[in-house]
1. Quick one: is residue 143 in a strand (DSSP E or B), at pLDDT 90 or above and over 27 Å from the mean Cα position of the chain (by Cα)?
2. Please go through region 105-123 and give me each residue that is part of a strand (DSSP E or B) and out of contact with any helix residue (DSSP H, G or I) (no Cβ under 9 Å at 6 or more places or on another chain), ordered by number.
3. For region 43-59, indicate whether the set of residues that are surrounded by 10 or more Cβ atoms within 10 Å (Cβ to Cβ), within 23 Å of residue 131 (Cβ to Cβ) and modelled with pLDDT under 70 is non-empty.
4. Within region 124-138, can you find the residues that are within 14 Å of residue 96 (Cα to Cα) and part of a strand (DSSP E or B)?
5. Need the failing condition index for residue 129 against (1) in contact with a helix residue (DSSP H, G or I) (Cβ under 8 Å, 6 or more places away or on another chain); (2) surrounded by fewer than 20 Cβ atoms within 10 Å (Cβ to Cβ), just the number.
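The values are calculated or read from the model by the stated rules, or taken from the named source; none is laboratory data. What you see is a predicted model; the values in this text were computed from it and never measured. Don't worry about glycine lacking a Cβ; one is built from the backbone with ideal geometry, like all the others, and counts go over all protein chains shown.
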């Protein structure tokens, strides 16, 4: 029975039907293809906006109390006063566990951030160091070089 189905005439008919079906699919794809568009390379427009720069302002005098209770204005850092991180060029200020360049870095104070001065000054490694604490978070504390601090009002 199988031999009677695989005659040359049946095989030839199957081959012709396969070719016709393949051609029909190609014609269908040809007529239903999307419309071609002429693409031109788009012009690239690049807007470069310079980064904002920090403008150095003169130190703001901070009032401190004297023994009589009268406020005194000073342009220097004092224990009990406040200091603002300034002059780091956006790099931030390293607050260390101990005064000195060998002290482990605990955190990085951002440019413009205000800290309360708890202790200092202490001289180490050619710098004047101050112990700072974040007025809003007592765990954010460390020793910092006074060169990158300016007196400030309380936050």
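1. Numbers: in a strand (DSSP E or B): yes; at pLDDT 90 or above: yes; over 27 Å from the mean Cα position of the chain (by Cα): no.
The answer is no for residue 143.
2. Within region 105-123, the subset part of a strand (DSSP E or B) is 105-109, 114-123.
Answer for region 105-123, where residues must be part of a strand (DSSP E or B) and out of contact with any helix residue (DSSP H, G or I) (no Cβ under 9 Å at 6 or more places or on another chain): 105, 106, 107, 108, 114, 115, 116, 117, 118, 119, 122, 123.
3. Step one: filter region 43-59 for residues surrounded by 10 or more Cβ atoms within 10 Å (Cβ to Cβ), giving 54, 59.
From what's left, within 23 Å of residue 131 (Cβ to Cβ): 59.
Now restrict to residues that are modelled with pLDDT under 70: 59.
Within region 43-59 (the criterion being surrounded by 10 or more Cβ atoms within 10 Å (Cβ to Cβ), within 23 Å of residue 131 (Cβ to Cβ) and modelled with pLDDT under 70), the answer is yes, since at least one residue qualifies.
4. Initial filter on region 124-138 (within 14 Å of residue 96 (Cα to Cα)): 124-125, 127-134.
Hits for region 124-138 are 124, 127, 128, 129, 130, 131, 132, 133, 134.
5. (2)
The rows are residues; the columns are (1) closer than 10 Å to residue 145 by Cα; (2) in contact with a strand residue (DSSP E or B) (Cβ under 7 Å, 6 or more places away or on another chain); (3) crowded, with 16+ Cβ neighbours inside 10 Å; (4) touching a residue at least 12 places away in the same chain (Cβ under 8 Å).
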position: 88; (1), (2), (3), (4): no, no, yes, yes
position: 93; (1), (2), (3), (4): yes, yes, yes, yes
position: 99; (1), (2), (3), (4): yes, yes, yes, yes
position: 104; (1), (2), (3), (4): no, yes, no, no
position: 108; (1), (2), (3), (4): no, yes, no, yes
position: 111; (1), (2), (3), (4): no, yes, yes, yes
position: 116; (1), (2), (3), (4): no, yes, yes, yes
position: 119; (1), (2), (3), (4): no, yes, no, yes
position: 122; (1), (2), (3), (4): yes, yes, no, yes
